[in-house]
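The values are calculated or read from the model by the stated rules, or taken from the named source; none is laboratory data. These numbers were taken from a predicted model, which means no experiment stands behind them. Every residue, glycine as well, gets a Cβ built from its backbone with ideal geometry; the counts of neighbours run over all protein chains shown.
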């Protein structure tokens, strides 16, 4: 009886496996015949690598929306219709975690139709993922990585449309010392590549300006309990607290600090430039907090109104998060490159190794007017648009600081 | 370092310890009776936070009453938001509803995920517990939100405005801290009395010593186990609501770290021993706070776990594990 049953299961398993192999094969043959036709419609994929369920989710979802907007506009354009080309967006949830990010990268590169990756949000994630993309000749354009060393790793496939911590940190420190008038600061980071780098650059400049760094501390990037740290900061009696981290931790530190009666504002980087920060901290607690963010305020850019209108139409009721406009530009750089290569080599060559290498070269040569300003890259892959703005929470919203 | 700073950090630690102790009791109660580690307990702590937030929103968030068809809530909210008696009623309702809902969730989980496996090898219910844990996390992730939700009204106003500090002899304490410490001590004392003094408590102790013999003596084993699975999660839920109010947010995976820490607290105290779990909880909380305050925030977990290892090296059964013969 048991023996028969076992045999039956074995048979079922073999049949199931065979059927998988057969269907797998047939799917492949279909794909190749589709390519040979040349004029036949071709679908390619742009991957979005971002934290979607864990980590800075509000920012990650915004990145995905920015990309989808750029892609849906491209798909409606006559240029793509003439080429018979359709672009799809595939999301990969990196959870803000380097290990998960590595898995996402492997998944992305194993997808033959995937020609470029818009992402990742966290510098630490990119540090792992970029090597995997490099091996697969997949271009990566990040809207948000600010760690300085990422473009010094010799990865020819890596570009970013945002400026780096060695510009962002010092600009914010100068503001804190010279404009806000802080003399003593407490510096905290969240132990991630992003937070550590940013906090270190800030502290260096603050000290160079003549300020005193009263103490430094580390937290985890998913911590919620800062009570012990708050008591420590309170005892240090400082004018400002700098926290290199994302909104989900920085907002809670701000809340817990203010509730303990600390008056010093919290200052942070671009990872906090999001309405979610104020919601989490509570408007009264967040009032007066600073953050720096890359580029000019969206309102001051010529193409921004156009972007805002299109965004509101595509995603009614969604607020524009910190990196949505950057993601739109990053995706645009990839789309432009795909179109350029498709015209030069034909749509059927896009997914080949030569095609992917040509796309990398085309992104490197980008030069167009994006929502966030001019998009072009230097020989390392850094943006040539090195602008940082300071924002302050006023009446429950981030506004550009004086 | 002034004396008031030491006291302040200790108070931070006792507050954190109170939360750990409440959660640790859930682990230790179940272990004492079933010799099983309920890995889903940290998720019940998380569910407590969410249920509490839901109750607070329904009873005291004008944004909810403004939604279409919810207008009937307005007079109810007016009472709960009136302060004084209304505020006390709001707190009682929040903690009670959260504890009862999550308590019953615990009983349901026991009925469907653990009871069928009671006579299976010990690994089976453990895996089942991990499954329940993943299920609960993903249920919240999919049905509620993947975002970290602020523990406040939609317009950003805090439900409990009493979180701000007051000063006693140069030491800053917040009302919330007092609230947490007092509530957790009262609950712990109540549970201790319940288990050691009442008839049902005796049934629980008997079941933990020898379930089969207790059954022969007329103890309804299933009822006792269900009760343990009600009390543990209910206490965990109270801790979950406190956690939300005190630190200011809830997230679907927020239970993981406190869960591990509370489990550690239960092991330090001697798992299976109720007073041990309380002792372990407070000890761990205070050690963590002092480590963060005097050494470095980055080393707080390292130091906490060094203590765990030291305890296990010198007293493998935990601090109170051997001293007391009974397991509950």
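Below, the figures for the structure above:
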read-out: Single residue of region A:383-402 satisfying the filter (surrounded by 16 or more Cβ atoms within 10 Å (Cβ to Cβ) and outside any loop (DSSP other than H, G, I, E, B)) that is nearest to the other protein chains (Cβ to nearest Cβ); value: A:393
read-out: Those residues of region A:197-227 which are under 20 Å from residue A:263 (Cβ atoms), assigned to a helix (DSSP H, G or I) and within 14 Å of another protein chain (Cβ to nearest Cβ), in sequence order; value: A:227
read-out: Test result for residue A:309, assigned by TED's automatic domain parsing to the domain that holds residue A:139 and touching a helix residue (DSSP H, G or I) at 6+ places or on another chain (Cβ under 7 Å); value: no
read-out: Index of the failed condition, residue A:194 passing every other in (1) crowded, with 24+ Cβ neighbours inside 10 Å; (2) more than 11 Å from chain B (Cβ to nearest Cβ); (3) assigned to a strand (DSSP E or B); value: (3)
read-out: Residues being more than 8 Å from chain B (Cβ to nearest Cβ) and more than 15 Å from residue A:263 (Cβ to Cβ) - total across region A:228-243; value: 2
read-out: Test: residue in region A:285-300 that is assigned to a helix (DSSP H, G or I), within 18 Å of the chain's Cα centre (by Cα), surrounded by 23 or more Cβ atoms within 10 Å (Cβ to Cβ) and within 14 Å of chain B (Cβ to nearest Cβ); value: no
read-out: Condition met for residue B:73 (closer than 19 Å to residue B:158 by Cβ, without any contact (Cβ under 8 Å) to a residue 60 or more places away in the chain, more than 14 Å from chain A (Cβ to nearest Cβ) and buried (at least 19 other Cβ atoms within 10 Å of the Cβ)); value: no
read-out: Only listed residue being crowded, with 21+ Cβ neighbours inside 10 Å, in contact (Cβ under 8 Å) with a residue 60 or more places away in the chain and in contact with a helix residue (DSSP H, G or I) (Cβ under 8 Å, 6 or more places away or on another chain), chosen from A:101, A:66; value: A:66
read-out: Hey, residue A:185 touching a strand residue (DSSP E or B) at 6+ places or on another chain (Cβ under 9 Å), away from chain B (no Cβ under 14 Å) and farther than 16 Å from residue A:265 by Cα or not; value: no
read-out: Matching option when the condition is more than 19 Å from residue A:53 (Cα to Cα), within 14 Å of another protein chain (Cβ to nearest Cβ) and in contact (Cβ under 8 Å) with a residue 24 or more places away in the chain, among B:113, B:154, B:129; value: B:154
read-out: So residue A:207, is it surrounded by fewer than 24 Cβ atoms within 10 Å (Cβ to Cβ), without any contact (Cβ under 8 Å) to a residue 24 or more places away in the chain and in contact with a helix residue (DSSP H, G or I) (Cβ under 6 Å, 6 or more places away or on another chain); value: no
read-out: Candidates A:326, A:277 - the one that is closer than 30 Å to residue B:178 by Cβ, surrounded by 21 or more Cβ atoms within 10 Å (Cβ to Cβ) and either under 20 Å from the mean Cα position of the chain (by Cα) or within 14 Å of chain B (Cβ to nearest Cβ) (or both); value: A:277
read-out: Residues within region B:268-291 that are within 14 Å of another protein chain (Cβ to nearest Cβ) and in contact (Cβ under 8 Å) with a residue 60 or more places away in the chain, tallied; value: 7
read-out: Failed item in (1) under 23 Å from residue B:298 (Cβ atoms); (2) touching a strand residue (DSSP E or B) at 6+ places or on another chain (Cβ under 8 Å); (3) at the interface with another protein chain (Cβ under 10 Å from one of its Cβ atoms); (4) crowded, with 24+ Cβ neighbours inside 10 Å, with residue A:282 passing the rest; value: (1)
read-out: Sole exception among (1) within 10 Å of chain B (Cβ to nearest Cβ); (2) in a helix (DSSP H, G or I); (3) surrounded by 23 or more Cβ atoms within 10 Å (Cβ to Cβ) for residue A:257, by number; value: (1)
